[in-house]
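Any read-out appearing in this document is the output of simple, stated calculations on the displayed coordinates, not a laboratory observation. Owing to the predicted nature of the structure, the values given are computational and were not obtained by experimental measurement. Note: ideal-geometry Cβ built from the backbone for every residue, glycine included; neighbour counts use all protein chains shown.
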Amino acid sequence: MKKNRSVTVIGAGMAGLSAAYELHRAGWQVTVLEARGRVGGRVFSMHNFSNGLIAEGGAEFIDKDHTRMLGFAKEFHLPLGEVGSWQGQADDWDAYEGKAGNSNDTNIWGFDLGKEVDSIWTALAELSKQVPDPQHPESAPNAKELDQQSAADWINRQAAHPLARMAFADHIRSEYTCEPENFSLLDLARNSAMYYSKPGLYEPTYRVIGGNDQIPRAIASVLPDLRLNAEVTSINDQTDGVTVTYKQGNSFQTISSSFAILAIPLTTARLIEFNPPLPQAHQRMVNEISYGAVTKVMIEYRKRFWKAKGWNGRLSTDQQIVLTWEATSHIQSEHGILTAYTGGGPGAKLSALSDQERINLAVSVIEKIFPGSSDLIENTATIAWINEPYSRCSYMALAPGQVTSHWQTLFAPAGHLYFAGEHATIYQGFMEGAAESGQRAAQNIIGITS
Ligand SMILES: Cc1cc2nc3c(=O)[nH]c(=O)nc-3n(C[C@H](O)[C@H](O)[C@H](O)COP(=O)(O)OP(=O)(O)OC[C@H]3O[C@@H](n4cnc5c(N)ncnc54)[C@H](O)[C@@H]3O)c2cc1C
């Protein structure tokens, strides 16, 4: 095996594929090892619906400034459909304490719930000032003090109405897929410095029409050596390169290369044997970094009944499913799909149910708020990401203390091994971040040798 200018990329999600594509275009010899029988990882478009409808089981929204993902869509001629803003829209509804309706409807809530929630967003924009450089939260003036606190500590200090605080806690569960108690206030401040420093700025987002998974599949189609059903079990870092062992069927194979890029979630990296052991800081990072939990239930209705009610499908609720939205809002069709997206503690609870129990629960919550809706159901599907053996997580959610302990290690190589993935980027938890981390790992390797 020729090792000169060669890289083994472990994992064919957006991080691994972006790294491999970058190296391949630079003339390097690249082999991608992927444990699943498909590429894309946490980008997983589900086709279980009628009339060619698709819903995203994993990553769904591509932001306006996600230039790498938008660039891939353009390069591979994949059409995009515009979705409303992730942060909030005028016809969003809430369902709390047995009431349901538009969050600004004072007749329902007895006060302007939307305005109360907005006051928390304004406070969040203020909090963002505490992290002047979101690429280096560990260097913020009060980094340690903020990192010792949780998002829950901060929410509890807000003067807003208790229902508004509950709605904001749901935002943490949905966006970071962890309980507010388990999310570092420093990382909340860092994320707000990245995205929420201007309250009320509602940016459009996109989905790829026909499924986001077309992006990873398009990249994979131009890579010359991608091996599916190849689960990496050990990595040997030697003086002149790396030898990676993987299991394919019943046999173990090895491959040697100058460098390797580990582009898998740390939850599955924990199962890999490293020889020699990783440096202490990396081993701690792999073992300790916290991840969230999330489930999706997709319900296809024969009619988009929500339109007639002046509701766009987005619902924040104190019920077990936490959040819903319309998965088909970017296309024209008679049938429509609602996704119930449940992160954090409720997501972990729903992951313990059988698929059918989880679907039944989501259907019954929506039926209670919109009586008769279940008569319109055509198809359903669900996925619980912590149960997926090659994910075991939703995405990284740094717990109190973890930003200051691990931030720098997330970006540092260990010998010939480079780390990539949605965790190893400032755009954590996004496809864009995974792509950025992969491209950066590839460029770092190219940079060493040029
Ligand atoms: C429900 C959900 C909703 C999301 N919504 C959004 C969204 O709206 N917008 C957005 O931008 N992002 C979203 N994300 C996040 C996004 O999916 C991820 O940030 C991104 O896809 C991660 O890419 P990755 O390459 O880092 O990891 P992955 O996609 O997990 O890829 C890692 C690959 O490694 C493989 N692998 C694992 N272990 C091994 C092993 N031992 N050997 C070989 N291969 C292995 C896996 O099978 C997988 O294919 C969402 C994620 C989830 C779960």
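Before moving on, here are some points about what is shown:
- Taking amide H as placed 1.01 Å from N in the peptide plane, the amide H of Glu388 sits under 5 Å from that of Cys393, each at least 5 places away or on another chain.
- 3J(HN,Hα) couplings calculated from phi for the range 137-142 with the Karplus curve 6.51 cos²θ - 1.76 cosθ + 1.60 (θ = phi - 60°) are, in sequence order, x, 5, 9, 4, x, 10 Hz; Gly and Pro show x.
- Over 28 Å (Cα to Cα) - which of Lys303/Lys368; Lys64/Lys129; Lys129/Lys296; Lys115/Lys303 fall in this group: Lys129/Lys296; Lys115/Lys303
- Sorting 216-228, 406-418 by their mean Cβ neighbour count within 10 Å, with the most densely packed peptide first, gives 406-418, 216-228.
- Cα-based shape type of the range 1-150, given that a ≥ b ≥ c are square roots of the gyration tensor eigenvalues and the cut on a/c is 1.5: oblate
- The range 333-403 and the range 155-195 have Cα centres spaced 20 Å apart.
- Amide H contacts of Val32 (H built 1.01 Å from N, in plane; Pro and chain starts excluded): Val9, Asp225, Leu226, Arg227 sit under 5 Å, all sequence-distant by 5 or more or on other chains.
- Kirkwood Rh and Cα Rg combined as Rg over Rh, evaluated for the chain: 0.97
- Karplus-based coupling profile of the range 110-117, in residue order and whole Hz: x, 7, 8, 4, x, 5, 5, 5, with θ = phi - 60° in 6.51 cos²θ - 1.76 cosθ + 1.60 and x standing for Gly or Pro.
- Gyration tensor (alpha-carbon) shape descriptor, the range 93-195, a/c threshold 1.5: prolate
- When both bridge partners sit in the chain, DSSP labels roughly 70% of those beta bridges antiparallel.
- Value of [θ]222 nm, deg cm²/dmol, for the chain, DSSP H segments ≥ 4, -39500 (n - 2.57) each, nearest 500: -10000 deg cm²/dmol
- Cross-link pairs Lys74/Lys247; Lys74/Lys144; Lys198/Lys309 - those with Cα-Cα distance over 32 Å: Lys74/Lys247; Lys74/Lys144
- Footprinting exposure proxy for Phe370, Phe168 (fewest neighbouring C-beta atoms within 10 Å first): Phe370, Phe168
- Amide hydrogen proximity for Ser103: with H placed 1.01 Å from N in the peptide plane, the residues at 5 or more positions away or on another chain lying under 5 Å are Asp94.
- Kirkwood hydrodynamic radius (C-alpha pairs) into Stokes-Einstein, the range 151-272, 4 °C and 1.567 mPa s, D in µm²/s: 67
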